[in-house]
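Trainee: Before anything else, here's the structure in question.
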Amino acid sequence: MAGCWTFGYYWAIASLVVAASSVSAQPKRAFFVFGDSLVDNGNNNFLATTARADAPPYGIDYPTRRATGRFSNGLSIPDLISEQLGLEPTLPYLNPELTGKKLLVGANFASAGIGILNDTGFQFLHIIHIYKQLKLFGHYQQRLAAHIGAEGARRLVNQALVLITLGGNDFVNNYYLVPYSARSRQFSLPDYVRYLVSEYRKILRRVYDMGGRRVIVTGTGPMGCVPAELGMRSRNGECDEELQRAASMFNPQLGTMISGLNQEVGADVFVAANAYQMHMDFITNPQAYGFVTSKVACCGQGPYNGIGLCTPLSNLCPNRDLYAFWDPFHPSEKASRIIVQQILQGSTQYMHPMNLTTIMALDSMT
Ligand SMILES: *[C@@H]1O[C@H](CO)[C@@H](O)[C@H](O)[C@H]1NC(C)=O
Ligand SMILES: *[C@@H]1O[C@H](CO)[C@@H](O)[C@H](O)[C@H]1NC(C)=O
């Protein structure tokens, strides 16, 4: 008995030592985030815009219990990815605390309200459109190079993980924002989708040209099923068909474009994360994931708590973990955890050509 225990004990110590040395031998990788409100960690707090999440009850379940600018009751998708990789959460690029050694952790450039197109989100006034996010990434690289040298900066960016989340706002806050919107008069839906995908391709190519070599790309979720759309358009809780049609056209074409881009650069740089399917799993069967509903937002008002914004005066559910949607558009922390679990371990149906666990394993061997 004792011998057995001793053997187990030494074995545990030995594996701890091995684990510890492999951690210290391997510098932690940096993490860069681009995109919209699904991944904004607080940049918009520093801007004159109406797209913000800096008042309660946002952040009610965040470690500090404060609203931080994340569109969540607690942690966001990028926070949860950082957590899984054993990294500190990345700071918003506009946060003045992002200096010195903090630069090595990476940065979050995302800004709520933006889209693939420059005109998406114009109604939110001053937000950081995607080309501006990339320009700031350039400034970041110069600051990093001043700190650790040009070669070190280039290596850090090449070895980093990148997440980019775009597309939803190009539909809900542009094409479908109002009836007869400028874009819907200019393009049929199939032509608009093709245009968006070709513009997204240019953005991804730019990320590559700026040094990104492991880039997780998400398309849109099931836009027709979010409480905001149910509140505005749904009689019996059925998802809006037109927005679902848009998502079901956009996401497969995004996947094809990403495969083409990987062929062009000759490596599996870009990974398509199927946000649509990840959300649909708990939308079609919320109980299986521990939710009481996927139709009603935790925070909001009107039908499905889907009308207007989540504010201090809104209805608020007592237990956020029981709701798939925190506010009319954004998943709860609990739902974001389910999504991040698929990013880490999902099959090729969710993560194509490979999941984040595989990426980490491959990169630790080089
Ligand atoms: C959007 O703006 C950037 C520069 O700000 C420009 O390079 C790009 O071509 C614009 N995109 C379109 C589709 O006009
Ligand atoms: C995803 O990750 C798991 C490990 O968690 C692995 O077993 C599985 O094969 C991976 N799937 C793909 C398609 O890479």
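Trainee: Tell me, please, whether a residue that is in a loop (DSSP other than H, G, I, E, B), at positive phi and at pLDDT 95 or above can be found in region 260-276.
Mentor: Yes, there is a match, as at least one residue in region 260-276 is in a loop (DSSP other than H, G, I, E, B), at positive phi and at pLDDT 95 or above.
Trainee: Next up: Looking at region 131-162, which of its residues are touching an Asp or Glu at 6+ places or on another chain (Cβ under 9 Å) and either within 16 Å of ligand 1 (Cβ to nearest atom) or over 20 Å from Pro78 (Cβ atoms) (or both)?
Mentor: Ala145 - this is the single residue of region 131-162 that is touching an Asp or Glu at 6+ places or on another chain (Cβ under 9 Å) and either within 16 Å of ligand 1 (Cβ to nearest atom) or over 20 Å from Pro78 (Cβ atoms) (or both).
Trainee: Something else: Identify all residues within region 330-357 that are of a type in the set (S, T, N, Q), in a helix (DSSP H, G or I) and farther than 13 Å from Asp281 by Cβ; write none if there are none.
Mentor: Ser336, Gln345, Thr357
Trainee: Just one of Met360, Met280 is within 16 Å of ligand 2 (Cβ to nearest atom), assigned to a helix (DSSP H, G or I), closer than 26 Å to Leu163 by Cα and within 20 Å of the chain's Cα centre (by Cα); which is it?
Mentor: From the options Met360, Met280, the qualifying one is Met360.
Trainee: Find the helices (runs of 4 or more DSSP H) located wholly in region 113-218 whose residues include 3 or more that are within 24 Å of Leu103 (Cα to Cα) and among the basic types (Lys, Arg), and list them.
Mentor: Of the helices (runs of 4 or more DSSP H) lying wholly inside region 113-218, those with at least 3 residues that are within 24 Å of Leu103 (Cα to Cα) and among the basic types (Lys, Arg) span 130-148.
Trainee: I'm told Pro96 meets every condition in (1) surrounded by fewer than 23 Cβ atoms within 10 Å (Cβ to Cβ); (2) within 30 Å of Leu196 (Cα to Cα) except one. Can you identify the failing condition by its number?
Mentor: That leaves (2) as the condition not met.
Trainee: Within region 269-289, how many residues turn out to be more than 21 Å from Ile359 (Cα to Cα) and among the small types (Gly, Ala, Ser)?
Mentor: Count: 1.
Trainee: Pick from region 75-99 the residues that are polar (S, T, N, Q) and assigned to a helix (DSSP H, G or I): which of them is farthest from Phe109 (Cα to Cα)?
Mentor: Out of the qualifying residues, it is Gln84.
Trainee: While we're here: Ala107: more than 13 Å from the chain's Cα centre (by Cα), surrounded by 21 or more Cβ atoms within 10 Å (Cβ to Cβ), under 26 Å from Gln159 (Cα atoms) and in contact (Cβ under 8 Å) with a residue 12 or more places away in the chain, yes or no?
Mentor: Here the answer is yes, as Ala107 does meet what is asked.
The values are calculated or read from the model by the stated rules, or taken from the named source; none is laboratory data. Computed from a predicted model, the values in this text were never measured in an experiment. With ideal geometry, Cβ positions are generated from the backbone for all residues, glycine too; neighbour counts draw on all protein chains shown.
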